[in-house]
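Below: the structure, in structure tokens.
The values are calculated or read from the model by the stated rules, or taken from the named source; none is laboratory data. Nothing here was measured: the structure is a model prediction, and the numbers come from that model. Glycine gets a Cβ as well: all are built from the backbone with ideal geometry, and neighbour counts include every protein chain shown. To get the accessible areas, we keep the full protein, side chains included, count just its heavy atoms, and leave off ligands, DNA and RNA. Shrake-Rupley method; radii C 1.70, N 1.55, O 1.52, S 1.80 Å.
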Amino acid sequence: MLFALTTGASYFLEHPPHKKFLSIISFILIFAIGHLFPLDIEDIEEIYIGIPILYLLIFPGSLWPIAVGFAILTAYMHSVGIAEMFDIVEDGLEVIVITTFACVMSFYQQQTKRQMMQFREESYTDYLTGLSNRKKFQEFLYHQVDKTKHIAKAGEGFALINIDLDGFKKINDQLGHQVGDQLLKQVGRRLESFTGKDYSAYRVGGDEFAFIIKSSKNIANKAQSLSESILKQATKPYELTDKKYKISASIGIAIYPQDAFDAESLVVRADLAMYKAKAEGKGRYSFYQQKLTEKTIRYRELEADLKLAAQRDQLSLYYQPKVDIQTGKIFSAEALLRWHHPKYGHVSPFEFIKIAEEDDTILDIGRWVAEQACKDIHHFKAISDIENIAINVSARQLADIDFVDKLKVILAKQKCPPHWIEIEQTESVLMQSTQDNIEVLKQLKEHGFSLSLDDFGTSYSSLSQLGNLPIDILKIDKRFVDHCDTNNKDHMIVRTIIQLAQNLGLRTIAEGVETQPQLEVLKSEGCASYQGYLFSKPLPTDEFEVLLKVQTD
Ligand code: C2E
Ligand code: CA
Ligand code: CA
């Protein structure tokens, strides 16, 4: 009875709930056996050493055998009486000592095993999102490849879905890493809601996530519908610092064994598909295709080559004169970046600046531009009375907390006073900007830089915000200039912008002036200055210097 009870209780305590019914069965069984074949004292004496040992085997790591040992000993004493107790106690104590020792040893062994398993589990978990991490991803991927290798039929296989958040770095830079982490956590939670029997989610890098869909029929359809659901979820607004932010994701899908014959190339191909989704405009999914569009390959090559472009002497600055409308004199110039790529030739900044803004490449390029402009203006100043040079600064640069300090260092090194440099910021950047951005602009202005608002009129600035910005110049966007001489609405917009600037005490410059009639309209409306092909295209330094010299002579 006692043995049955202890066994039952041990099993009950030692096993997970679904096995607990075994404890009841074991109790009944042992009780029945004990009842049918009752042992006398001699038999018990023969086997009692074995009982705790038996427990050790059945329940390794349990401390129950100690209790059993004591229980048996107590039962003995009870049944044989105090008189014979001392004989038995001696043997019993031996058993208990041996059992206790074995128990404690096996208890610690099990404990260590459990801890090892916990460590293993932790080493497979991403600390931030709680999703499985890259290590687990790789193991599972190899496992899936092994499993699918021999059984896949046509249309069957497993899918790898590669997810990259669009514009995550911008949020990280503008709002800080803590907010970035918060966003990743929220993304992780949303992705986790898709995990299940067939789908598993992983965080494989900074803002990169992945899904593996287990092998099945119609795998492409499954991957497609999962990607659609992920995109829907991922683009819902995220609540960060009490505000709502929207981001999108680009997804690449590759299927094994249809698209690749091993795990490594499957990863690369899902990546390529993801790049295709990015190159096609982001916020979408794309399947790997053997004949990847030239666009994707170009995007990847440009992305990689851009990091080395400055080092390889492939970058240069062209200068487009800024001209006073009344006097027709060049008083400044905009530095426009040019990249000569060995394979693709001239690559437009409209294309490569976007790529550079995807990561920190833009910071290096921005530094190069500032440095080069500082060097060049010394030459321009030597041959003319040009006031300053304007450089374009992108949102990511402005969000860099050391931006102002870095710029100061560059200027000091090149012996270039801040009023020689004007900084062009696009309107869209400033309008979506946080207080931090405005702070940076204030610092720049205090330091003596002049600031202009580029592409003005394209981002529906709120007028109240405009009044608060520490800017000096409004650049009227080319799209209004284009038809200001033929389209009355555009003419009125140009007039309104110029009046607005005058009321706010700002200077105006019109961009992209190509014809004399456009210039006449701008002049009659009181626009202060202009840039455009009518006067000159952006020029390499030597040609720009010729222009400056002609003007001085
Ligand atoms: P943006 O700052 O608005 O520069 C004006 C663009 O219009 C330049 O294109 C210029 O060449 C072009 N343009 C000027 N006048 C005319 C004209 O009369 N007609 C026409 N059709 N176009 C004209 P570009 O040089 O290709 O630069 C494109 C954009 O790339 C720039 O737009 C600017 O946002 C960006 N970018 C250029 N250089 C840099 C740079 O150093 N740093 C950053 N962050 N962005 C840059
Ligand atoms: Ca500009
Ligand atoms: Ca512009």
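Out of the residues in the stretch 435-468 that are farther than 25 Å from residue 406 by Cα and hydroxyl-bearing (Ser, Thr, Tyr), state the one that is nearest to ligand 1 (Cβ to nearest atom). By that ranking, first place goes to 458. Against the criterion of being out of contact with any Gly (no Cβ under 7 Å at 6 or more places or on another chain) and more than 29 Å from residue 436 (Cβ to Cβ), residue 193 qualifies.
Given 391, 353, 365, which one is of a type in the set (A, V, I, L, M, F, W, C), within 16 Å of ligand 2 (Cβ to nearest atom) and open to solvent by 20 Å² or more (accessible area, probe 1.4 Å)? Going through 391, 353, 365 in turn, the sole match is 353. Can you tell me how many residues in the stretch 317-374 are more than 17 Å from residue 307 (Cα to Cα), hydroxyl-bearing (Ser, Thr, Tyr) and touching a residue at least 40 places away in the same chain (Cβ under 8 Å)? Of the residues in the stretch 317-374, 3 are more than 17 Å from residue 307 (Cα to Cα), hydroxyl-bearing (Ser, Thr, Tyr) and touching a residue at least 40 places away in the same chain (Cβ under 8 Å).
For the stretch 524-545, a tally of residues being in a helix (DSSP H, G or I) and more than 44 Å from the chain's Cα centre (by Cα) returns 2.
Given the condition touching a His at 6+ places or on another chain (Cβ under 8 Å), away from ligand 1 (no atom under 13 Å from the Cβ) and part of a loop (DSSP other than H, G, I, E, B), answer yes or no: does some residue in the stretch 417-426 qualify? Among the residues of the stretch 417-426, not one is touching a His at 6+ places or on another chain (Cβ under 8 Å), away from ligand 1 (no atom under 13 Å from the Cβ) and part of a loop (DSSP other than H, G, I, E, B), which makes the answer no. Taking the stretch 208-234 as the range and being among the β-branched types (Val, Ile, Thr) and over 23 Å from residue 133 (Cα atoms) as the test, only 219 passes. Identification of strands (runs of 3 or more DSSP E) wholly contained in the stretch 240-303 with 2 or more residues that are open to solvent by 70 Å² or more (accessible area, probe 1.4 Å) yields 243-245.
Restricting the search to helices (runs of 4 or more DSSP H) fully inside the stretch 345-416 and requiring at least 3 residues that are among the acidic types (Asp, Glu) gives 361-383.
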